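> Quick one: the structure is below, questions incoming.
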């Protein structure tokens, strides 16, 4: 995979050396010779990865890294720190300011390219999600806050004990940090646990084991259930080639033996945080799509959903010739509530009525807010008689208890009128079914409200469509004029 | 990247050989020794790639490929056909039944792994999109038909002429197929054209050129604008290593010189089709998110959008202390239209009124369907006086011409009542602004309808919030009872 790499080093010969290596492998290279210019270039070009020297006069690598990670524009650009010394305390300090990995000078080519490829691949995957997130936030479907992650919340970790000879120590170290830790005894068990359990991280050890740790990683990456689960691999010292292969297979991060306590804690925390962040991005997508079919006030499905849902029900029931019934509910005198008590009172009433309707449905019934103060309930495989019974129940349920509205001392009596209609799944469509229920609703309103009226029309079918239309569509001159003015 | 590979071959030793090679590289391997069992295993496990022998007794590789590609479950699994002979007509026949690539026996390792990695990477990227697509279709936000692509529609192709010594021939061949073809003279020009133009495919030639073709490909993959644009590279014969590198950099497909006319046509068409399909998947995401903030009947933004949009306007205007005004419009006697003429008539009226409102707005004003027959228009940087003028204009515009409704002979006279309110961007929130406008609307309704009333309240601010609330929130005992029953 091609990528744009920013090389930061105060020694020109180091810059040239890295640049040359990267160009041969067809990377795009940008260079900076001090911290401040690195920050400017990074914000300007948003590279795919930064290779950052630690020891620089003025602003050192830790400071640069910390600033890159705290700037929202560059926070998601992976940073690899290039250090002269391989000191644990430097690595831990680097991890604390957000570094993603470390390379020791002189830089080994295998290690260099393995890390670049792995980090760039991970970044690209989340780039796409973030771009979509931005669209959703801009339109107000989700908020940026929905994606924020509690930075230090502990997670759930699976340790594969095979080859992990210091398993007990690793387990207790992580448990002390508040993580929920479980142990799989074999690779087989690990695969099955990782597939079913909700782990934020899987720890695997390479070397000194019966099965091949890379095989286990590969299997986890091949299965859709475990494909995105972060893996942290523990490798023996001096195993650059194995590590490169592990990263190529999609392992997210690694620890070199002997495992340093602080590094274990820090790298685990980073992976868990990322996992949470990406999960949140994915969930937000579902939220966005759900929002398109949901009424924001009541949380009920909306009219858009009703249409596609009806088609699914119809195609499922039509061969068996089963009935579909519909109730159209309208809150009585709702306009007056809004006019007298304001929209907020009206909104509260809509929410309560929506709750009451939903509390009384069977699992396969669907209630939607159709618009304004009107609701539709779809009852698959329900005869006209049982739909009528359901409507009578709902009518009583809504009026049974007056509704408390904030800021108003007296509870308000709320009632609904309901029209009921039914059709055989193969005959007619949603529009016709609702038209019949609507006519019944109109009758309920006309004859006193707070009641149920059942459509006297036969279940509509294509044969008598024309006849029905005349019931609603051809008004007298008088009614047309009265109606709208 | 790890992957699950299905190897299909009737000769056990060939299966074993390929399996061994793949296992060493940590791929998961499934095997089948004839066409029918390959189809069963593929549908069951959905591998990441199929390596398919062509010459098999019974059902041959072409037939297997054709069936895999016509089954929706396996249609997106890449198929590499493994052939004994490197005949152009076999390749073209393979491409016609949907094969993604070819390997000649004995299989060269570099070529094998380069193709697997490249095809699996492309598949994984579109897997994610498809999964999301499925969610959106299931909820009825988009339909599967939205993603269908006209299979043979010609596309737009950019040819980079450097090194393409047969450029004129390639160009005319593709033009004859109906594609719109343009030529970039240099790599630099190609980069700029590919970034700005709407090309479905870029054709690059390797060998015999000044600049490095792989560098050009790498640059295209590094730039966000060209990252997803398909690249078809033309390589000299016997350049397996260069080709492997090109695929690693993200080139989508290739042709080996001498370029065969039918293969050029077929591979170009395949890439264009895929590009269209993936573009459609991406567009559908935008559609889904847009749907969440759009009213499906009128196409106007909805209440959810209004809330986030108001916040953006407020934060933009608040430092300058500029005003924001709002109109709340309500169609007069709308309930009666629905009751007399049915919902469909009501819907048509809502659509026409929405159009009339939108036709009269400035570019930076926003109209939303707030719910039922109520609309809200937000006028940023607009004083109460100019908002009132806008409202008067809208009121006249809506009533100016009676509305034709299908199935009703006489056009219907439709009017709206409008309440107008204004606030200084820094003071108060959307809720308060709408409450004031609502109160004015109520006054307009009470005093005769088809008119504009402007809120007499001062622009709300946090200081007098409490006082305002009493206007709407504390009803007398009597009005509370009258209102809802």
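Computed from the coordinates by the stated procedures, all read-outs in this text should not be read as laboratory data. This is a predicted model, so every value here is computed, not measured. Please note: Cβ atoms are built from the backbone with ideal geometry, for glycine as well, and neighbour counts cover all protein chains shown.
> Once the label point is set 7 Å along the Cα-to-beta-carbon vector, what list of distances in nm do you get between residue B:197 and its counterparts in the other copies?
Ordered by increasing distance: 5.5 nm.
> What share of the DSSP beta bridges in the range A:4-107 is antiparallel, in percent to the nearest 5? Walk me through the numbers on the way to the answer.
Details: 0 of 17 bridges.
The antiparallel proportion sits near 0 percent.
> So what's the angle, to the nearest 10 degrees on a 0 to 90 scale, between helix B:343-359 and the longest Cα principal axis of chain B?
90 degrees
> Kindly work out what percent of the DSSP beta bridges joining two residues of the protein assembly as shown are antiparallel, to the nearest 5. Don't skip to the end; give the middle numbers.
On the way: 46 of 122 bridges.
Antiparallel bridges: around 40 percent, rounded to the nearest 5.
> Please give the contour-minus-distance gain from residue A:361 to residue A:43: 0.36 nm per residue of separation, less the Cα-Cα distance, rounded to one decimal in nm.
Going from the current span to full extension adds 109.1 nm.
> As an exercise, use a Förster radius of 41 Å and the Cβ-Cβ distance of residue A:165 and residue A:108 to find the FRET efficiency, rounded to the nearest 0.05. Mind showing how you got there, number by number?
Details: r = 26 Å, r/R0 = 0.65.
About 0.95, to the nearest 0.05.
> A further question on this structure: I need to check one value: relative contact order of the range A:145-282, counting alpha carbon pairs closer than 8 Å and at least 6 residues apart, in percent. The partial results should precede the final answer.
Details: 210 pairs, mean separation 36.6, N = 138.
This gives 27 percent for the range A:145-282.
> At residue A:75, with labels set 7 Å past Cα in the Cβ direction, how many nm apart are the copies from this one, shortest first?
Between copies, matching label points for residue A:75 lie 4.0 nm apart.
> In nm, give the distance between the simple-model label positions of residue B:225 and residue A:63, each being 7 Å from the Cα along the Cα-to-Cβ direction.
About 3.6 nm separates the two model spin labels.
> Residue separation times 0.36 nm, minus the C-alpha to C-alpha distance between residue B:96 and residue B:431: what's the value? Could you put the intermediate results ahead of the total?
Working: separation 335, 0.36 × 335 = 120.60 nm, distance 6.07 nm.
Answer, rounded to one decimal: 114.5 nm.
> On to the next question. Taking only DSSP H segments of four or more residues, each worth -39500 (n - 2.57), what value at 222 nm results for the protein assembly as shown once the sum is divided by all its residues, to the nearest 500 deg cm²/dmol?
Calculated at 222 nm, the ellipticity per residue is -15500 deg cm²/dmol.
> Okay, moving on. Could you pull the copy-to-copy label distances for residue A:182, with points set 7 Å along Cα to Cβ, in nm to one decimal and sorted shortest first?
So the label point of residue A:182 gives 5.6 nm to the other copies.
> Now, a different point. Measure nothing but the geometry: give the 0 to 90° angle between the long axis through the Cα atoms of A:187-196 and the longest principal axis through the Cα atoms of chain A, rounded to 10°.
With rounding to tens, the tilt is 30 degrees.
> Smallest Cβ-to-axis distance in chain A, for the rotation taking A to B: which residue, how many Å?
So the closest residue, with its distance, comes out as A:372, 1.
> Roughly what would the spin-label model give for residue B:215 and residue A:336, points 7 Å off Cα along C-beta, in nm?
8.2 nm
> Continuing with the same structure: Have a look at the DSSP beta bridges in chain B and tell me what percent are antiparallel, nearest 5. Write down the numbers at each step before the final one.
Working: 23 of 61 bridges.
Just about 40 percent of them are antiparallel.
> Further question: For residue B:13 and residue B:406 in one chain, what is 0.36 nm times their gap in residues minus the Cα-Cα distance, to one decimal in nm? Show your work: numbers first, answer last.
Working: separation 393, 0.36 × 393 = 141.48 nm, distance 7.25 nm.
Full extension from residue B:13 to residue B:406 adds 134.2 nm.
> What number, in percent, do you get for the relative contact order of chain B if the mean sequence gap of Cα pairs under 8 Å and at least 6 apart is divided by its residue count?
Working: 783 pairs, mean separation 45.0, N = 485.
Once divided by the residue count of chain B, the mean separation gives 9 percent.
> Also, I was wondering about something else. Only Cα pairs under 8 Å and at least 6 apart count here; give the relative contact order of the range B:4-107 as a rounded whole percent.
Numbers: 180 pairs, mean separation 25.1, N = 104.
Relative contact order comes out at 24 percent.
> To test your reading of the geometry: what angle, between 0 and 90 degrees and rounded to tens, separates the Cα axis of helix B:213-222 from the longest principal axis of chain B?
30 degrees
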